[in-house]
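Chemist: Have a look at the structure that comes next, please.
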Amino acid sequence: MPSKRFQILNKYFHISDPRQENPTDKLTKIRPLISKLENAFQDVYVPGKNISIDEGLIKFNGRLSFKQYMPKNPNKFGIKIWMLADSETYFVPRFQVYLGKQQNAENADENDAEEARGLGFKVVDFLGKPYYNTYRHFYFDNYFSSVPLLEHLLENKTYACSTLRHNRKYFPADLKKIKLKRGEMRTRQNENLVCLTWQDKRLVTILSTNVDPQPEVFGPLDERTGKRKAVPEEVREKPAVISLYNKYMNGVDVNDQYRSYYPVGAQSKKWWKYLAWFFVNISIVNGFILQNLQTDRRRRLKHLDFRLALARQLISTYNGYKKISSAPSGRKKDVPVGRNVKGHSLVKSSERKRACGMCSKAGRKRASGRTFESIYKCAQCNVNLCRERACFMEWHQ
């Protein structure tokens, strides 16, 4: 496609009809795409037992009312996205764009209740609600975690495991100022809610409802001072609940990693285009994950190969502008690799040369009597075809 044509298409590219946009909806420019993907992702895939919930950031430095600042992120400014992912396949079936603090005068009492519970409670409840009452296990970090949230999930027959900040409400008072030696562990339990504190290089606190409480671990006493020492390294063990959290918390992070390998889109002054490219990219990654789940391990495509195959399918019916050939009319030019004819493309095979399907059909042979062979083939038909004699064009007429 010529660059001028691409620039014109990009200039007039819209997702919603400007004449029918809702001025009260901050995402009205991209709302049709969001609605479409929300339904499509949930229709094609149902997550398994273990689910992780985390945040992502779309880099954007322009002016925007709901632009967020995340100091610990490599890209510090951008649009925040809440995401729910399957912890074992990394598919993202649910997401939510964070629009900042929302005010709703009609439901002031409901807003006050949500404010008391906190943003983390609201996000986990919104993303996880379709999977309540199915005894799934949710994993999230201390940004979302709170005692009321895990109690709420347990009431809805959903287990959870998360790290916990010491300044959260209802945190065990005796654990707030406790000082442990490396390898020591303390446990507190309230019905099905278990709080575990373990001293590694740093103090780690886990709040869970899906793991039984473990025995407390104390370091040996120093005979001279009477104080406790660090637990010897040869008997020091990581608590099972922390191993479980580390194993299943990375669903959203791995999906982000897949997206970062091959970024989609280009720079723009329009904020909604960054969101549009994000949703295109996450759709590609989800499609790649589904393709791997439905394909035998030996026949799975690599990530890049999947993207290239998808691109060829999307442009299969487009041939671009035809240039006037300066070659004599009687001369046959080589067919360009990647040329699309009726949705079929000529590619170089990774295997050895094979007999040309068109030459064999037409009975053409070399002067020595041997058949014509070619390293090129049709990607869709999986038939080797000569590039020099235009067998590719003749085969698809």
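The values are calculated or read from the model by the stated rules, or taken from the named source; none is laboratory data. None of the values given here were measured: they were computed from a predicted structure. Cβ: placed from backbone, ideal geometry, glycine included. Neighbour counts: every protein chain shown. The area values use the complete protein model at the heavy-atom level, side chains included, leaving out ligands, DNA and RNA. Shrake-Rupley method; radii C 1.70, N 1.55, O 1.52, S 1.80 Å.
Chemist: Efficiency by 1/(1 + (r/R0)^6): what FRET value for residue 167 and residue 341, r their Cβ-Cβ distance, R0 = 51 Å, to the nearest 0.05? Please list the in-between numbers first.
Modeler: On the way: r = 66 Å, r/R0 = 1.29.
Efficiency, rounded to the nearest 0.05: 0.20.
Chemist: Going down the list 49/179; 101/270; 80/169; 76/302, which pairs span over 28 Å between their C-alpha atoms? Please list the in-between numbers first.
Modeler: Numbers: 49/179 36 Å; 101/270 22 Å; 80/169 26 Å; 76/302 31 Å.
Correct reply: 49/179; 76/302.
Chemist: Then there's this: Whole number in Å², please: accessible area per residue of the stretch 339-395, 1.4 Å probe, ligands, DNA and RNA not counted. Each step should come with its number before you reach the end.
Modeler: Working: 3360 Å² over 57 residues.
Averaged over the residues of the stretch 339-395, the accessible area is 59 Å².
Chemist: Something else about it: Assuming R0 = 35 Å, can you tell me the calculated FRET efficiency for the pair residue 1 and residue 129, based on Cβ-Cβ distance, to the nearest 0.05? Walk me through the numbers on the way to the answer.
Modeler: Details: r = 43 Å, r/R0 = 1.24.
With R0 = 35 Å, the Cβ-Cβ based efficiency is 0.20.
Chemist: Run a plain Debye calculation on the chain (Cα atoms as equal point scatterers, no solvent) and give log10 I(q)/I(0) at q = 0.06, 0.08, 0.13 Å⁻¹, rounded to two decimals, same order as the q list.
Modeler: The Debye formula, applied to the Cα set alone, gives -0.40, -0.64, -1.17.
Chemist: Starting from the alpha-carbon convex hull of the stretch 117-189, give the projected area averaged over all orientations, in nm². Kindly include the intermediate steps, with their values, before the conclusion.
Modeler: Working: hull surface 21.8 nm².
It is 5.5 nm².
Chemist: Now for a separate question. Kindly count the pairs of lysines across the stretch 339-395 whose alpha carbons are less than 20 Å apart, treating pairs on different chains or eight or more residues apart as eligible.
Modeler: 7
Chemist: Figure the gain on full extension for residue 8 and residue 351 (residue separation times 0.36 nm, minus the Cα-Cα span) and round it to one decimal in nm.
Modeler: Roughly 119.4 nm would be gained on extension.
Chemist: In square nanometres, what is the average projected area of the Cα convex hull of the stretch 339-395?
Modeler: With the hull built on Cα positions only, its mean projection is 3.8 nm².
Chemist: Roughly speaking, to the nearest percent, how much of the stretch 339-395's 1.4 Å accessible area is carbon and sulfur?
Modeler: The C+S portion of the solvent-accessible surface of the stretch 339-395 is 45 percent.
Chemist: Hydropathy at least 0.5 by Kyte-Doolittle, axial extent at least 30 angstrom from the Cα trace: which helices of the chain, defined as entire DSSP H runs, fit?
Modeler: Counting only whole DSSP H runs, the qualifying helices are 271-293.
Chemist: Kindly provide the helix-only [θ] at 222 nm of the chain, computed as the sum of -39,500 (n - 2.57) over DSSP H runs of four or more divided by all residues, to the nearest 500 deg cm²/dmol?
Modeler: Result for the chain: -9000 deg cm²/dmol, rounded to the nearest 500.
Chemist: Also, quick follow-up: Taking 7 Å along the Cα-to-C-beta vector as the label spot, tell me the residue 292-residue 66 distance in nanometres, rounded to one decimal.
Modeler: Rounded to a tenth, the inter-label distance reads 3.0 nm.
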